[in-house]
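S.K.: My questions all concern the structure below.
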Amino acid sequence: MMRNLLGAGFLGLCFLIGVLPASAAGYPEKPIRMVVPWAPGGGSDTTGRIISAKLVESLGQQIVIDNRAGAAGNIGTAAAARTDPDGYTLLLADTGFSTGISLYSKLGYHPVKDFAPISLVAVTPIVCVVHPSVPARNMKELIAMVKSKPGALTGGSGGTGGSVHLALELFQLQTATKITHVPYKGSGPAAIDLGSGQIDLMFSTAPPIIPLMQGNRVRALAVASPERSSLFPDLPNMKEAGVPNFVAANWYGILAPTGTPQAVIDKLHVELGKVTQLADVRKRLAGAGLEPKSSPTPQSFGKFVADDVDQWARAIKHANIKL
């Protein structure tokens, strides 16, 4: 009897030892896959590669970038949701992670239920810019101008349902204004037409408009962040500009499939926080029009995602957008 109990105890100890690497100090013991649900070269891919290059050094294991493009990021994200929650598959998500559930009837994943949040890693601010021919010099003047002529001003975006378009819709919802949306095939072409005066205004991410701002081909009015942006330190945020509840940014964060051991989540959160503070990482992100941004806790990032889902759901419903 005692021999059987000792045998059972030994087997139980072996079982515990077998699961320790995925949940305790031994993690990681093999390469990690980071799913980027977009093609190489875009903002998500750039962010994933900058962050993973330093995370490799701190974790001591290779991180393989797995570009799973298609269906506006939904194919790769759904594939990541279905993997084993062992800590060896991560997802590099962006703002589309929050908006997809309201835009698509069949998504293949739920952003809150199917993923465990780890941390934000970067944001690229969204800036309200107008063509110099638009007389408004600040947000209050722009709102008054739009209200005086509903639908007369045109606002460009990189395509229906993208973060830039949704920022435009959220602005209209919160300010009770009407702007005529002009979708383009990418933010670059939209920014070019804004610079030439083909459209009146745009809520744009940083990279396409920085050259236009430097050439005085557009006028920036405010940045849609809770605080001023390090990329545009002289621009007021929306609260300072008189639109206190308007916050929009294209964010990038790391998540894992639901069920990933909490010890693994916590370890990755700590290491990501260290990586985003490194001077060379901050410099490389800034060069790509990105600001490093880490979450205080995994739970705070989870709340951020849930709030983001709710915010964009209201804007999408108001604009009656379905893709």
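S.K.: Within the range 35-69, which residues are among the aliphatic types (A, V, I, L, M) and more than 16 Å from Ala122 (Cα to Cα)?
M.R.: Val35, Ala39, Val56, Leu59, Ile63, Val64, Ile65, Ala69
S.K.: Looking at the range 111-119, can you tell me whether even one residue there is in a strand (DSSP E or B), buried (at least 20 other Cβ atoms within 10 Å of the Cβ) and either assigned by TED's automatic domain parsing to the domain that holds Ile192 or basic (Lys, Arg) (or both)?
M.R.: So far as the range 111-119 goes, no, none of its residues is in a strand (DSSP E or B), buried (at least 20 other Cβ atoms within 10 Å of the Cβ) and either assigned by TED's automatic domain parsing to the domain that holds Ile192 or basic (Lys, Arg) (or both).
S.K.: Taking the residues in the range 42-59 that are farther than 14 Å from Ile254 by Cα and among the charged types (D, E, K, R) as candidates, determine which candidate is surrounded by the fewest Cβ atoms within 10 Å (Cβ to Cβ).
M.R.: Only one residue fits best here, namely Glu57.
S.K.: Still on this structure: Here is a check on your reading of the model: is Ile265 aliphatic (A, V, I, L, M), closer than 30 Å to Glu29 by Cα and surrounded by 16 or more Cβ atoms within 10 Å (Cβ to Cβ)?
M.R.: Criteria met by Ile265.
S.K.: Give the range 290-323 a look and list any residue that's charged (D, E, K, R) and in contact with a helix residue (DSSP H, G or I) (Cβ under 8 Å, 6 or more places away or on another chain), or say none.
M.R.: Within the range 290-323, Glu291, Asp308, Arg314, Lys317, Lys322 qualify.
S.K.: Right, another one. Among the residues of the range 205-232, which ones are closer than 23 Å to His318 by Cα and either modelled with pLDDT of 95 or more or touching a Pro at 6+ places or on another chain (Cβ under 6 Å) (or both)?
M.R.: Listed by number, the residues that qualify are Val223, Ser225.
S.K.: Among the residues of the range 53-85 satisfying the criterion of being of a type in the set (S, T, N, Q) and within 16 Å of the chain's Cα centre (by Cα), which is modelled with the highest pLDDT?
M.R.: Per the criteria, the residue is Thr77.
S.K.: Taking the range 289-323 as the search range and keeping residues that are among the aliphatic types (A, V, I, L, M) and part of a helix (DSSP H, G or I), which one is farthest from Ser204 (Cα to Cα)?
M.R.: Per the criteria, the residue is Ala306.
S.K.: If you take the residues of the range 242-262 that are β-branched (Val, Ile, Thr) and within 30 Å of Pro207 (Cα to Cα), which of them is surrounded by the fewest Cβ atoms within 10 Å (Cβ to Cβ)?
M.R.: Val247
S.K.: For residues in the range 275-323 being over 26 Å from Gly60 (Cα atoms) and free of Cβ contacts under 8 Å to residues at least 40 places away in the same chain, which is surrounded by the fewest Cβ atoms within 10 Å (Cβ to Cβ)?
M.R.: So, considering only residues that are over 26 Å from Gly60 (Cα atoms) and free of Cβ contacts under 8 Å to residues at least 40 places away in the same chain, the one surrounded by the fewest Cβ atoms within 10 Å (Cβ to Cβ) is Asn320.
S.K.: Please state which one of Leu221, Leu231, Leu235 is in contact with an Asp or Glu (Cβ under 9 Å, 6 or more places away or on another chain), assigned to a loop (DSSP other than H, G, I, E, B) and either aliphatic (A, V, I, L, M) or within 25 Å of Lys185 (Cα to Cα) (or both).
M.R.: Leu231
S.K.: Is it the case that Ala286 is in a strand (DSSP E or B), of a type in the set (Gly, Ala, Ser) and more than 28 Å from Pro85 (Cβ to Cβ)?
M.R.: no
S.K.: Residues to consider are Thr124, Thr160, Thr154; find the one that is polar (S, T, N, Q) and surrounded by 23 or more Cβ atoms within 10 Å (Cβ to Cβ).
M.R.: Within the list Thr124, Thr160, Thr154, the selection yields Thr124.
The values are calculated or read from the model by the stated rules, or taken from the named source; none is laboratory data. Remember, it's a predicted structure, so these values are computed and weren't measured experimentally. For neighbour counting, all protein chains shown are included, and Cβ atoms are generated from backbone atoms with ideal geometry for every residue, glycine included.
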